[in-house]
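Structure record follows, encoded as structure tokens.
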Amino acid sequence: RLAQAVAGLRFDRFDVDFRNHRTNATFASTDNLLSPRLGLIYKPVEPVSVYSSYSLTYLPRAGDQLSSPSLTNQSLGPEKVTNYGARGKWDLRSSLSLTAAVYHLNRTNVVVPDPNDATRSILVDGQRTNGIELGAAGSITPSWTVMGGYAYQDGRITNTLSATAKDGARLAQVPRHSFSLWNRYNVTPHLGIAAGVIHNADMFTST
């Protein structure tokens, strides 16, 4: 049995000096961001690993996100992402591994499409996404390798924004089900053929 801990602290300074050439509006902002990370790894037996983690990260505003028609101090602030997760890995053999993960992700100060006007963006005070991921990667035979995965995501708004974007509404562009599979077969040591598929379930184009 083996237990390990991983800890980290990251500091970012993000300076923006922006001019909108259509309106001649200018503004500047500075973000000093501290991002902690903590993980615990436990191996009950040699081929099995269990990993739990916590992290806090930021996504500063940049590019088209700064062209909002109604800029405020809040809209200039960075997006904040808090993630809690647990993962497991099982090495069936040296060339084949199975993985599984669950996570709970919270986001605040997020830019999303306006449900009443797709050309505009609005700020969301809270989003929550819960998910499950399953994966497999490795060699089935010496010539055949495969990599596949399935993900379930449930993304929701946690604060009512308007009559059409209420607390509990599903997020835009977040499919509940995703699946991918990639195969490669080596016909000779110098020639291989491959085929794959990626599938996403239906998703909303706006919140």
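The values are calculated or read from the model by the stated rules, or taken from the named source; none is laboratory data. Just so it is clear, the model here is predicted, and its values are computed rather than measured. Cβ: placed from backbone, ideal geometry, glycine included. Neighbour counts: every protein chain shown. Note: accessible area is taken over every heavy atom of the protein model, side chains too, but ligands, DNA and RNA are not part of it. Shrake-Rupley method; radii C 1.70, N 1.55, O 1.52, S 1.80 Å.
Any idea which residue in the range 135-151 is surrounded by the most Cβ atoms within 10 Å (Cβ to Cβ), counting only those that are among the polar types (S, T, N, Q) and either part of a strand (DSSP E or B) or touching a Phe, Trp or Tyr at 6+ places or on another chain (Cβ under 8 Å) (or both)?
Kept after step one, since they are among the polar types (S, T, N, Q), are these residues of the range 135-151: 139, 141, 143, 145.
Still in the list and also either part of a strand (DSSP E or B) or touching a Phe, Trp or Tyr at 6+ places or on another chain (Cβ under 8 Å) (or both): 139, 143, 145.
Details: Ser139: 14, Ser143: 13, Thr145: 19.
Only one residue fits best here, namely Thr145.
Contact map, the range 156-174: residues that are modelled with pLDDT of 85 or more paired with residues that are among the charged types (D, E, K, R) and surrounded by 15 or more Cβ atoms within 10 Å (Cβ to Cβ), Cβ distance under 6 Å, separation 6+ or inter-chain. Pairs shown: Arg156/Arg128; Thr158/Arg128; Gly168/Arg156. Of the residues making up the range 16-31, those that are open to solvent by less than 90 Å² (accessible area, probe 1.4 Å) and either within 22 Å of Thr82 (Cα to Cα) or acidic (Asp, Glu) (or both) are Thr30, Asp31. Residue check: Asp154 meets all listed conditions (1) at positive phi; (2) in a strand (DSSP E or B) but one, namely (1).
Note on the range 162-171: residues that are open to solvent by 60 Å² or more (accessible area, probe 1.4 Å) and either of a type in the set (S, T, N, Q) or outside any strand (DSSP E or B) (or both) total 4. Only a single criterion out of (1) surrounded by 15 or more Cβ atoms within 10 Å (Cβ to Cβ); (2) of a type in the set (A, V, I, L, M); (3) at pLDDT 85 or above is not satisfied by Val124, namely (3).
In this structure, is Gly131 touching a residue at least 40 places away in the same chain (Cβ under 8 Å), surrounded by 15 or more Cβ atoms within 10 Å (Cβ to Cβ) and either farther than 21 Å from Leu59 by Cα or in contact with a Phe, Trp or Tyr (Cβ under 6 Å, 6 or more places away or on another chain) (or both)?
On the way: touching a residue at least 40 places away in the same chain (Cβ under 8 Å): no; surrounded by 15 or more Cβ atoms within 10 Å (Cβ to Cβ): yes; either farther than 21 Å from Leu59 by Cα or in contact with a Phe, Trp or Tyr (Cβ under 6 Å, 6 or more places away or on another chain) (or both): yes.
Taking the combined requirement at face value, the residue does not satisfy it.
Residue check: Leu66 meets all listed conditions (1) surrounded by 14 or more Cβ atoms within 10 Å (Cβ to Cβ); (2) at pLDDT 95 or above but one, namely (2).
Looking across the range 172-207, the residues that are assigned to a loop (DSSP other than H, G, I, E, B) and open to solvent by 50 Å² or more (accessible area, probe 1.4 Å) come down to Gln173, Arg176, Pro189, His190, Asp202, Met203, Phe204, Thr205.
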